[in-house]
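Below you'll find the structure, written out as C-alpha cells, and then a few comments.
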Amino acid sequence: MLKSLTEQNSKPAPDKEFAIIADYVTNFITHSELAFSTARYCLMDALGCSILALNYPACTKLLGPIIPDTVVPHGVPIPGTRFVLDPIQAAFNIGATIRWLDYNDTWLAAEWGHPSDNLGAILAVADYMSRKNNAEKKSPLFMHDVLLAMIKAYEVQGVLALENSFNRIGLDHVILVKIASAAVAIHLLGGTQDDIIKVLSNVFIDGQSLRTYRHAPNTGTRKSWAAGDATSRAVRLAWLIIQGEMGYPSALTAKQWGFYDVVLQSKTLHLPCPFTTYVIENILFKVAYPAEFHAQTAVECAIALHHKIKNRLDTIDKIILITHESAIRIINKTGTLNNPADRDHCLQYIVAVCLLFGDLKAEYYENQFAKNAQIDLLREKMQVQENKQFNQDYLAPDKRSIANAIEIYFNDGSPTEKIQIEYPLGHLRRRKEGIPLLIKKFHDNLTGHFSTERIAKLLALFADQERLEKMPVNEFMDELRE
C-alpha cells in the first residue's frame with residue numbers, strides 16, 4: 001500500500017508545449033510587411049481605446065500606484081495620465097484602460113480573446129527597459145521591438161485559441177493573455193529560452209480566472225480589468241524568474257498534480273499549426289462600434305434597418321435575431337441589466353439601441369441612457385435563433401465569419417427585408433474599407449483629451465511605419481503623457 005503512494009522524483013524534461021512556445025518567442029524572425037503594418041494599426045487602435053477609457057470614472061479610479069505618491073526609478077508613464085509606475089503596476093494600468101470599453105481588437109475561434117490586451121505587458125516592460133538602458137548608457141529598445149513582441153504575443157494567444165476552448169470548462173480567456181504576455185515580457189527583460197519555459201510553467205501553476213464575471217447573473221466590471229490583471233501577473237512572474245526563481249518543467253503533464261489532470265480532466269492542449277504571423281495578419285478590429293465582437297455584424301444590420309422602422313416602432317410584433325452558437329452562449333441575455341458591463345454583453349440590448357438610434361457609442365451603455373423605456377420594450381419582442389451554417393463559417397479557417405441577420409415583423413404580418421452580414425468592418429476581408437475608419441476612430445478617441453496639434457502629430461507618426469519602428473520606446477511613450 002505504501003509503495004503505491006511513493007512518488008518518482010526524477011527531474012522531467014520540459015513539457016513540449018513550453019519548449020515550442022519558448023523556441024518561437026526566442027528565435028522566430030519575420031519580415032512580413034503585412035504583419036508589421038497590422039501591428040502598427042493594432043497599437044494605434046489599442047492606445048486610442050486606452051485614452052477613451054479615461055473618460056470613465058469607473059476605470060480611472062483603479063489607476064495609479066498601489067501606494068499614492070510612490071516614486072519609481074525608470075518608471076513607466078501611463079498614456080493620457082500623470083502616473084509613472086513600476087512595470088508590474090503599469091501593465092495593469094495600460095491593460096485595464098485598453099480593455100475597459102470592450103473596443104480593442106479581437107480574435108475568435110474555439111476560444112475568444114483580445115490580443116492587444118498583451119500590450120499592458122509589452123509596453124510596460126519595453127519602456128522600463130529602455131529607460132533603464134539609457135540610464136546605464138546602453139541602447140534602448142525600439143518600437144520595432146514592440147511590434148515584433150506584439151506579433152509573437154498575438155500568435156501565441158491566437159494559435160492556442162484555435163482549438164482549445166477554456167470557456168467550455170468555465171475558465172476565462174485571460175489565461176491566454178497571461179501565457180502570451182509572460183513569454184514575451186521575459187524575453188524583453190533579457191530572459192533566455194530556458195527562462196521562458198520557467199515562466200510559462202508558473203503561469204499554468206497559477207489558479208485561473210472563472211468566466212462568471214462575464215455572464216448572467218454576475219456580469220460586472222471585473223471583465224474590464226481582468227486582462228490588465230492577467231498581463232500584470234505575467235510581468236510579475238517574469239520578474240520573479242529574472243530574479244532566479246525556479247520553473248516546474250512538467251507543470252502541464254505531471255500525473256495527478258499537473259494542469260492537464262487537475263484542470264483539463266486529463267485532456268491536453270492542441271497546437272494545430274506552427275507559430276508564424278497568422279493571427280496578427282487576420283486580426284479583427286472593432287472599427288466603429290464598442291460592442292462585444294459577436295454582435296458587430298448585428299450592429300450593422302440593426303443600423304441598416306433603423307430608418308425603415310424608426311417611425312413604426314409601435315407596430316412591431318417581433319424581431320428575429322439570427323446568429324451563431326458562440327453569440328448565443330456569450331451575449332444572449334434576457335431580464336434586468338444591472339450595469340454597463342451587463343449591457344455591452346447583451347445582444348438584445350445592443351440591437352435595440354441601434355434600431356432606435358441608428359448608432360452605438362460607449363455612453364449608450366451607461367445607467368442614465370439605459371433608462372429609455374423603448375429599449376426594453378424592443379428587447380421583449382426579440383427572438384434569437386441559431387443558424388448552423390453561421391456556426392460552420394465561424395470556425396472555417398478560410399472564412400472565420402461572424403455572421404448575424406435581423407428580420408422584423410409588424411402587427412399586420414408584413415416583414416422588413418432580412419438584413420444579413422457575414423463579415424464585420426474589422427475583418428480581413430474588409431480591410432480596405434476598414435482602415436480609414438480605424439484611423440478616424442483613433443482621432444475621435446483622442447479628441448477632448450489631447451490638443452488638435454498633438455493628435456495630428458500622433459496621426460503622422462502612426463502613418464509612417466519606418467519612423468515609428470526606429471523610435472526608442474521611451475520617446476514614444478513620452479509622446480502619450482498627459
Check your understanding: Order of 347-357, 168-178, 217-227, 393-403 by packing, highest average Cβ count within 10 Å first?
Key -> 347-357, 168-178, 217-227, 393-403
Check your understanding: With labels modelled as points extended 7 Å from the Cα through the Cβ direction, what inter-label distance (nm, one decimal) is found for LEU437 paired with LEU377?
Key -> 3.0
Exercise for review: Could you list which residues have their amide H under 5 Å from that of ASP317, counting only those 5 or more apart in sequence or on another chain, with H placed in the peptide plane?
Suggested key: TYR409, PHE410, ASN411
Practice item. Taking the Cβ of PHE369 as the centre, find all other residues whose Cβ is under 15 Å away and add up their charges (Lys, Arg: +1; Asp, Glu: -1). Key: -2
Review point. Taking amide H positions as placed 1.01 Å from N in the peptide plane, with prolines and chain starts having none, which residues 5 or more places from GLY80, or on another chain, fall under 5 Å of its amide H?
Key: ARG481, GLU482
Revision key, fill the gap. Computed over the chain, the convex hull of the Cα set has an average projected area, in nm², of 25.0
Point to revise | Karplus-derived 3J(HN,Hα), 6.51/-1.76/1.60, for each residue of region 152-169, Hz, glycine and proline x | key: 6, 5, 4, 5, 4, 5, x, 5, 4, 6, 4, 10, 10, 9, 5, 4, 6, 10
Practice item. Could you pull out which residues in region 270-295 have an amide N less than 12 Å from a spot 7 Å beyond the Cα of GLU163, following the Cα-Cβ vector? Key: 270-274
Check your understanding: Once phi is turned into θ = phi - 60°, what whole-Hz ³J(HN,Hα) does the Karplus curve with 6.51, -1.76 and 1.60 give for every residue of region 197-212, x standing for Gly and Pro?
Key -> 4, 4, 5, 4, 4, 5, 4, 6, 6, 3, x, 10, 5, 7, 7, 4
Practice item. In whole angstrom, note down how far apart the Cα centers of region 376-429 and region 265-293 are. Key: 22
Point to revise | Rounded to 5, the percent of DSSP beta bridges in the chain classed as antiparallel | key: 75
Check your understanding: Rounded to the nearest whole Å², what accessible area per residue is found for the chain with the 1.4 Å probe?
Key -> 41
Check your understanding: Normalised by the residues of the chain, what does the relative contact order come to in percent, with Cα pairs under 8 Å and at least six apart?
Key -> 20
Check your understanding: In whole Hz, what ³J(HN,Hα) sequence does region 292-297 give by Karplus (6.51, -1.76, 1.60; θ = phi - 60°), x for Gly and Pro?
Key -> 3, 5, 5, 9, 4, 6
Revision key, fill the gap. Here the relative contact order (percent) of region 283-434, from C-alpha pairs under 8 Å and at least 6 apart, is 37
Review point. Along the Cα-to-Cβ line of GLU386, 7 Å from the Cα, sits a label point; which residues in region 303-340 have backbone N less than 19 Å from it?
Key: 320-334
Study note, to complete from the structure: Summing -39500 (n - 2.57) over every DSSP H run of at least 4 residues in the chain and dividing by its residue count gives a helix-only mean residue ellipticity at 222 nm, to the nearest 500 deg cm²/dmol, of -15000 deg cm²/dmol
Practice item. Any chance you could give the angle, 0 to 90 degrees and rounded to 10, that helix 347-357 forms with the longest Cα principal axis of the chain? Key: 50
**Study point:** Euclidean distance between Cα centres, region 101-125 to region 439-465, Å
**Key:** 21
Review point. Under 19 Å Cα-Cα from LYS61, which aspartates and glutamates qualify once same-chain neighbours fewer than 8 residues away are excluded?
Key: ASP69, ASP86, ASP102, ASP229, GLU363, GLU366, GLU482
Point to revise | region 122-207 - percent of accessible surface contributed by carbon and sulfur, probe 1.4 Å | key: 51
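The values are calculated or read from the model by the stated rules, or taken from the named source; none is laboratory data. Keep in mind the model is a prediction, meaning the values are calculated, not measured. Positions of Cβ are generated from backbone atoms using ideal geometry, with glycine treated the same way; all protein chains shown enter the neighbour counts. For accessibility, only protein heavy atoms count, side chains too; no ligands or nucleic acids. Shrake-Rupley method; radii C 1.70, N 1.55, O 1.52, S 1.80 Å.
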